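A short write-up of the structure that comes next.
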Number of protein chains: 2
Amino acid sequence: MRSVNPDSPPGPAGPLTPRPDVLVIGGGVIGLVTAWRAAQRGLRTEVVDPAPGGGAAQVAAGMLAPVTELHYGEEALLALNLASARRYPGFVRELEEAAGLETGYRACGTLAVALDADDREHLRELHAFQQRCGLESQWLNGRECRRLEPMLAPSVRGGLRVDGDHQVDPRRLAAALLAACERAGVAFRRASAARLSVSGDRATGVVLADGTELSADRTVLAAGPDSGRLDGIPAELLPPVRPVKGQVLRLRVPGAYAPFLSRTVRAVVRGGHLYLVPRTNGELVVGATSEELGWDSTVTAGGVYELLRDAHELIPGITELPLTETGAGLRPASPDNAPLLGPTELAGLIAATGHHRNGVLLAPVTGDLLGELLATGDLPEQARPFTPRRFGAAASEEHLR
Amino acid sequence: MRSVNPDSPPGPAGPLTPRPDVLVIGGGVIGLVTAWRAAQRGLRTEVVDPAPGGGAAQVAAGMLAPVTELHYGEEALLALNLASARRYPGFVRELEEAAGLETGYRACGTLAVALDADDREHLRELHAFQQRCGLESQWLNGRECRRLEPMLAPSVRGGLRVDGDHQVDPRRLAAALLAACERAGVAFRRASAARLSVSGDRATGVVLADGTELSADRTVLAAGPDSGRLDGIPAELLPPVRPVKGQVLRLRVPGAYAPFLSRTVRAVVRGGHLYLVPRTNGELVVGATSEELGWDSTVTAGGVYELLRDAHELIPGITELPLTETGAGLRPASPDNAPLLGPTELAGLIAATGHHRNGVLLAPVTGDLLGELLATGDLPEQARPFTPRRFGAAASEEHLR
């Protein structure tokens, strides 16, 4: 038998459902996929978010690119990224069926190119590293790159063709997850979580901005960068998640220019990661800046200028395309660029945050791992390297010894 | 005694007013100022426009800059521009009083600067030409420019200070004109004019897109670039007005950076006219491209890129400012860059179009000249150089002789 939350009387401010098993703070892609999987496992699940389906998914380009996103020293993250990428086709099939909506998943491959000799050297090293990691990629010279993507600048000196790095449309993904959650019986509380409720040494739910208290057996912290500053979490247990701003443009490819690009094209230009992600509906997403500016999420003249300058250097023909949208969002970054998945040091509080540049890519595996943890109490082995406890006080002492 | 338009029964599709004396096609700044002045003179006036107050005013920067906009061979236009600039303070006072709204008029002056030796030579010539025309402007070296506007790039080599070139906010100007028209009794027909009605050799009104016929003694063609393609006007009498696309950005100056710029700053960069117009409300308008692309009015990646690149070269600090809006509009350009004012070769049809880059500046004098013409039948001497007949078949033959 379940008890009804005794703190909130029924009515407009009261509980939407009987006391949920799981409260999810944050209705972005990670919170939604977690709630969907929890509900599928028979758990009463409620999501707290003023605008579920919003967040970084409204800005993100949706690259599913574990191979071209490979970085030295991040082999554990690579394994998780690859596992999630492998699950994507099945995940999308299941989600689209459950939601009755499409996600814009596109197995189009990626071409990472070099604009000068230094870039080429860097890509060569990445290629060797990819091969040591057992990843598939193919070296192309400049002419071969332009044969594949004729809009590329004549200055492109070479590149890596990665047929396994794909894309999804994060806005459609978020909308599909929202619909799937609703169909699976997830309740939505369209309000802001003001603070975590803690009783003794246990998380017991959240207090909303209007003072309403919601309680649950377990609370999942999936609030993106806000996860690092939610009131009520003891300071020493706050996840070390910070906002990293990304600015992104959306262009439109008129029919006369289609397809313009037939796969994702990316490069490192002046030290920044630039990518152009072409959707089948004619949208061309150009991203992204990476700015450590705290909570500022404005679109700036400088951000838009740099993206257009660098994109123009890579693909001169973009000048002809309509610019339909500019946007900025905040990525939840952790100290080691990997997510925080699983139980925290505070009983009853589970983290699903810190996904940084990989939130969309990691949605399938995050949903699976958190669903398993919530349903069975056991965190699968695969999630162990990503325990939030790796940043805790005990972990730090361990590290110093 | 006035007759009621016999072609349209009363009711939703019928006349708003008894048969008007004056029908104005186009509710942009020029159409509105004409309608306002006509109504003030006691004429029954009706404006036909699906969205009065829209048009280029929603994009334009609102520079009132006859001195810095001076071009060789356009001395007649200079005289008209100067006459209108002189009227601006009184015009704005009267309009704001009549409308109960402010226009954002700001007597802030303009600084035209040079970024390299060629620019400086060009500005020196402009300065000499200004002096020959009796215009006031002051030569400053680079250091003096930066003392006046500390955000200017170190590369600025010199400039012209023109304290008489001001600005107004075209959006607020259009809103004030709309309110003043309404208060003066102007009727608004929120619909598109599909074609001019011509009976015998006389214009008799317009047919709307839904087939409704409106008739009037006189019809004023103030439809901006559309003036050059309105159906029903005999081909040989169509005003030679074409669209010239302008793209414009709007940035915001946060309080911490205010005032950022204290006057309009302009330059010629890579052959294009660049200007930054700072409003007292913190808006900073950056314009404008000049593109001969027919009726295309999309914001493009290339247009935004060029404006940001050139503005960044002139004022490096703009990178920090939020980019709040991108927009594009179409200027109505004529073969000699001057407006078409007054009776056309078609009886009953009067032109108030072709204002190109000077529509906002020329609003006061256009209103005065057209108001006088409509009220008395006489076009003031000042408007003679701008007769639409200068482009007619007869004029061309004259020219060839």
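The values are calculated or read from the model by the stated rules, or taken from the named source; none is laboratory data. The structure displayed is predicted, hence computed values, not measured ones. For neighbour counting, all protein chains shown are included, and Cβ atoms are generated from backbone atoms with ideal geometry for every residue, glycine included. To get the accessible areas, we keep the full protein, side chains included, count just its heavy atoms, and leave off ligands, DNA and RNA. Shrake-Rupley method; radii C 1.70, N 1.55, O 1.52, S 1.80 Å.
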Net charge around A:Arg229, counting only other residues with Cβ within less than 12 Å of its Cβ (Lys, Arg = +1; Asp, Glu = -1)? 0
A plus B alone minus the pair: what accessible area, both sides summed, probe 1.4 Å, in Å² to 100? 1400
In square angstrom, rounded to the nearest 10, how much accessible surface does A:Tyr275 have for a 1.4 Å probe? 20
Going highest first, how would you order B:291-298, A:40-47 by mean Cβ packing within 10 Å? A:40-47, B:291-298
Let me check something: with ligands and nucleic acids excluded, how do B:Ser262, B:Ser215 order by accessible area (1.4 Å probe), largest to smallest? B:Ser262, B:Ser215
Among residues other than A:Asn337 whose Cβ falls under 11 Å from its Cβ, what is the net charge (Lys/Arg +1, Asp/Glu -1)? -1
Could you sort B:Tyr257, B:Tyr105 by their accessible area in this structure, using a 1.4 Å probe and putting the largest first? B:Tyr257, B:Tyr105
Please state the shape class of the stretch B:258-376: rounded when a/c is under 1.5, otherwise prolate if a/b exceeds b/c and oblate if not, all from the C-alpha gyration tensor. prolate
Inter-centroid distance (Cα atoms) of the stretch B:219-257 relative to the stretch B:36-76, Å: 10
For A:His71, solvent-accessible area (1.4 Å; no DNA, RNA or ligand), Å²: 70
Rolling a 1.4 angstrom probe over the protein chains, ignoring ligands and nucleic acids, what is the accessible area of B:Thr219 in square angstrom, nearest 10? 0
Tail beyond 16 Å, pair distance distribution of the stretch A:295-357 (Cα, percent): 65
Compute the FRET efficiency between B:Asn281 and B:Glu320 as 1/(1 + (r/R0)^6), taking r as their Cβ-Cβ distance and R0 = 22 Å, and round to the nearest 0.05. 0.75
7 Å along Cα→Cβ for the label point: how many nanometres lie between B:Asp378 and each equivalent label in the other copies, listed shortest first? 10.2
The protein assembly as shown - mean residue ellipticity at 222 nm from DSSP helices (-39,500 (n - 2.57) per run, n ≥ 4, rounded to 500): -9000 deg cm²/dmol
Mean accessible area per residue over the stretch B:255-313 (1.4 angstrom probe, all protein chains present, square angstrom) is 37
Where a ≥ b ≥ c are the square roots of the eigenvalues of the C-alpha gyration tensor, would you call the stretch A:232-280 rounded, which needs a/c under 1.5, or, failing that, prolate if a/b is larger than b/c, or oblate? prolate
Zone of B:Arg195 (label point 7 Å along Cα→Cβ, backbone N under 20 Å): which residues in the stretch B:221-250? B:221-223, B:226-239
Shielding by partners, peptide A:293-302 (average Cβ within 10 angstrom, other chains): 5
Gyration tensor (alpha-carbon) shape descriptor, the stretch A:68-173, a/c threshold 1.5: oblate
Expressed as a whole number, the average count of other chain Cβ atoms within 10 Å around the Cβ atoms of B:303-310 is 5
Collect residues whose amide H, placed 1.01 Å from N in the peptide plane, falls under 5 Å from the amide H of B:Thr324; neighbours closer than 5 in sequence don't count. B:Arg250, B:Leu251, B:Arg252
Go through the stretch B:321-333 residue by residue and turn each phi into a ³J(HN,Hα) via Karplus (6.51, -1.76, 1.60, θ = phi - 60°); whole Hz please, and just put x for glycine and proline. 8, x, 9, 9, 6, 10, x, 9, x, 10, 8, x, 9
To the nearest 20 debye, what is the magnitude of the charge dipole of the stretch B:109-261 about its Cα centre, counting +1 on the Cβ of each Lys and Arg and -1 on the Cβ of each Asp and Glu? 460
List the distances, in nm and shortest first, from the label point of B:Ser290 to the matching label points in every other copy, placing each point 7 Å from Cα along the Cα-to-Cβ direction. 4.2
Could you rank A:Cys108, B:Cys181 by how accessible they are, 1.4 Å probe, largest area first? A:Cys108, B:Cys181
Considering only DSSP beta bridges whose two residues both sit in the protein assembly as shown, what percent are antiparallel, to the nearest 5? 70
With every protein chain kept in place and ligands, DNA and RNA left out, what is the accessible area per residue of the stretch A:115-248? Probe 1.4 Å, answer in Å². 44
Given Cα pairs under 8 Å that are at least 6 residues apart, what percent is the relative contact order of chain A? 22
Within the protein assembly as shown: Cβ-based charge dipole about Cα centre, in debye rounded to nearest 20 (Lys, Arg +1; Asp, Glu -1): 280
In chain A, whole DSSP H helices that both stretch 15 Å or further along their axis by alpha carbon positions and average at least -0.5 on the Kyte-Doolittle scale are A:29-40, A:75-99, A:170-183, A:301-314, A:363-376
When DSSP assigns beta bridges and you keep just the ones with both residues in the stretch A:180-233, what percent turn out antiparallel, to the nearest 5? 90
The protein assembly as shown - percent of accessible surface contributed by carbon and sulfur, probe 1.4 Å: 50
